[in-house]
Amino acid sequence: MADPQMVMYDEEFRQISAVIEKLLREANAKVIFLVDKNGQLIAGCGETERFDTTSLASLTAGNIAATGGLAKLIGEKEFSILFHEGEKDNLHISIVGGRVILVVLFDSRSSLGLVRLRVKKASEELTAIFDQLKRKAEEKERSGIQEFPFAEITDDDIDNLFN
């Protein structure tokens, strides 16, 4: 059975936000982004206004896809953690629960060891949240309930919006 369409609910979004905000503090990071493998930004915290988040999300997903190709060439399933070291800032990129990409931007106020330690704990928490979302989606699929977020919008509502 194919994975059901993942729908983000407010409760899980708040849980995800709390986990990444805690990671931001505990890892002494500058920015945290959570991105899906299609390159869509799910959540972010920290100094996010400094970045073109759309580009960052899509380039991160592309980076994961490219290194996934490299991994397959050498007989690996994937490289679950990537690290990019810059002059001032560093990027720690990891795959969480096989579903999403966690991006941590940090500088000399933190260390790779601390970031890795804190990311491991946050990844476990995020995996549990995404497992919960997947179960909800599967239950809705089994029960035949389909959610169309714009189903209740009428033509009159659209007309009123643009008038």
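Nothing in this text is a laboratory measurement; each read-out follows from the coordinates by a stated rule. None of the values given here were measured: they were computed from a predicted structure. Cβ: placed from backbone, ideal geometry, glycine included. Neighbour counts: every protein chain shown.
A few remarks follow.
- Global form of the range 1-64, assessed from the alpha-carbon gyration tensor, a/c cut-off 1.5: oblate
- 3J(HN,Hα) along the range 76-85, derived from phi through the Karplus expression 6.51 cos²θ - 1.76 cosθ + 1.60 where θ = phi - 60°, amounts to 9, 6, 6, 9, 7, 9, 10, 9, 10, 9 Hz, with x in place of Gly and Pro.
- Dipole moment magnitude, nearest 20 debye, the chain about Cα centre, only Lys, Arg, Asp, Glu C-beta charged: 1080
- Choice from Leu114, Leu126, Leu23 with maximal GNM fluctuation in the chain (Cα, 10 Å cutoff): Leu114
- Shown in residue order for the range 17-23 are the 3J(HN,Hα) couplings computed by the Karplus curve 6.51 cos²θ - 1.76 cosθ + 1.60 at θ = phi - 60°: 4, 5, 5, 6, 5, 5, 4 Hz (x for Gly and Pro).
- Centre separation in Å (Cα based) which lies between the range 51-75 and the range 78-92: 12
- Cβ-based charge dipole, the chain, positive-most Cα from Ile93, Phe13, Ile32: Ile93
- With the helix formula -39500 (n - 2.57) applied to DSSP H stretches of n ≥ 4, the chain reaches a computed 222 nm mean residue ellipticity of -16500 deg cm²/dmol.
- Helix 112-143 axis, angle to the chain major axis (alpha carbon atoms, nearest 10°): 20
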